1. Since residue 218 meets every condition but one in (1) in contact with a strand residue (DSSP E or B) (Cβ under 7 Å, 6 or more places away or on another chain); (2) free of Cβ contacts under 8 Å to residues at least 60 places away in the same chain; (3) assigned to a helix (DSSP H, G or I), which condition does it not meet?
2. Where residues in segment 169-195 are assigned to a loop (DSSP other than H, G, I, E, B) and modelled with pLDDT of 95 or more, which of them is nearest to the ligand (Cβ to nearest atom)?
3. Return yes when residue 280 is modelled with pLDDT under 80, away from the ligand (no atom under 15 Å from the Cβ) and surrounded by 15 or more Cβ atoms within 10 Å (Cβ to Cβ) and no when it is not.
4. Scanning for something crowded, with 22+ Cβ neighbours inside 10 Å, away from the ligand (no atom under 16 Å from the Cβ), in contact (Cβ under 8 Å) with a residue 60 or more places away in the chain and closer than 22 Å to residue 244 by Cα, does segment 98-109 turn up at least one residue?
5. Could you go through segment 321-332 and let me know if any residue there is at pLDDT 95 or above, at positive phi and out of contact with any strand residue (DSSP E or B) (no Cβ under 9 Å at 6 or more places or on another chain).
6. Just one of the numbered conditions (1) within 22 Å of the chain's Cα centre (by Cα); (2) within 26 Å of residue 84 (Cα to Cα); (3) surrounded by 12 or more Cβ atoms within 10 Å (Cβ to Cβ) is not true of residue 58; which one?
7. Quick one: is residue 156 assigned to a loop (DSSP other than H, G, I, E, B), without any contact (Cβ under 8 Å) to a residue 24 or more places away in the chain and more than 15 Å from the ligand (Cβ to nearest atom)?
8. Could you tell me which residue of segment 34-54 is nearest to residue 159 (Cα to Cα), considering only residues that are surrounded by fewer than 19 Cβ atoms within 10 Å (Cβ to Cβ) and in contact (Cβ under 8 Å) with a residue 60 or more places away in the chain?
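The values are calculated or read from the model by the stated rules, or taken from the named source; none is laboratory data. Everything quoted here is computed from the prediction, not taken from an experiment. Quick reminder, even Gly has a Cβ in these numbers, built from the backbone with ideal geometry, and neighbours come from all protein chains shown.
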Ligand SMILES: [Zn+2]
């Protein structure tokens, strides 16, 4: 994957139309057992700090390799299309797209969920759950040898530090932000999760989230996703997106931000190929080539919608008081009432 990523870096840096649209940054280099693993970001499109941003990340959990591969595949398509597609070039004059396809390169290369320090990056932030979390799975500080280890109290791991910095550098002044973090492993359905992880209470922009979800459902009535709060799955401590969201909202009370997680349900892959439970890829990834290709294909519709819904974001982000009140009632009924 690192080799493939570096190919995209070279592609983006070639003289030609791409150079005008794409900026590549090495955010840091993680040192692990005498090797060096870069974390690379691609920033595409508008340089206006207030413009809407789509922020895509993959490979936070190294073992869930399909997440990084999907991010890579979407990025590659985008770069290829940008060389000839005038409509897409036009789109990127008004929005910014940031990719960090592989947030945890050490975990990816070594088939571990955690980073090189044994820390689960998704549980490493200072945010504490205010309701009961599942034992261990909700995050633990007993030992890095056990799964879901959160790391030291109030110390962000290097991978999260650069993720946080890149986020605020590219989205910090934006009026409208959607982030999508690619994961796999939970359940049989593909889920789109929105906050919070630290509480089952509604998050601040759930009326906008409702408008966004409705728009997607009206545009693609036969879509495959289950759209629900993360807390429907389970609650956890230290979610890095809760942390980034709460900070963003404090600093930008007049902007709208939807932090989403795409959780690709992998149990269906296991059902079709039970032997993969014993493989190094484990239960988190499709094994067969055609199944991987299908995974790449099945999310293009969502990706296309995300780009266009940011370009036309007032359709869901600029709600007047009446629609906001209406959505509050409807969204509570849909997502929170049966608690
Ligand atoms: Zn994950």
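1. For residue 218, the failing item is (1).
2. 195
3. So residue 280 fails the test.
4. yes
5. Scanning segment 321-332, I find no residue that is at pLDDT 95 or above, at positive phi and out of contact with any strand residue (DSSP E or B) (no Cβ under 9 Å at 6 or more places or on another chain), so the answer is no.
6. (2)
7. Values: assigned to a loop (DSSP other than H, G, I, E, B): yes; without any contact (Cβ under 8 Å) to a residue 24 or more places away in the chain: no; more than 15 Å from the ligand (Cβ to nearest atom): yes.
Answer is no for this residue.
8. This residue is 38.
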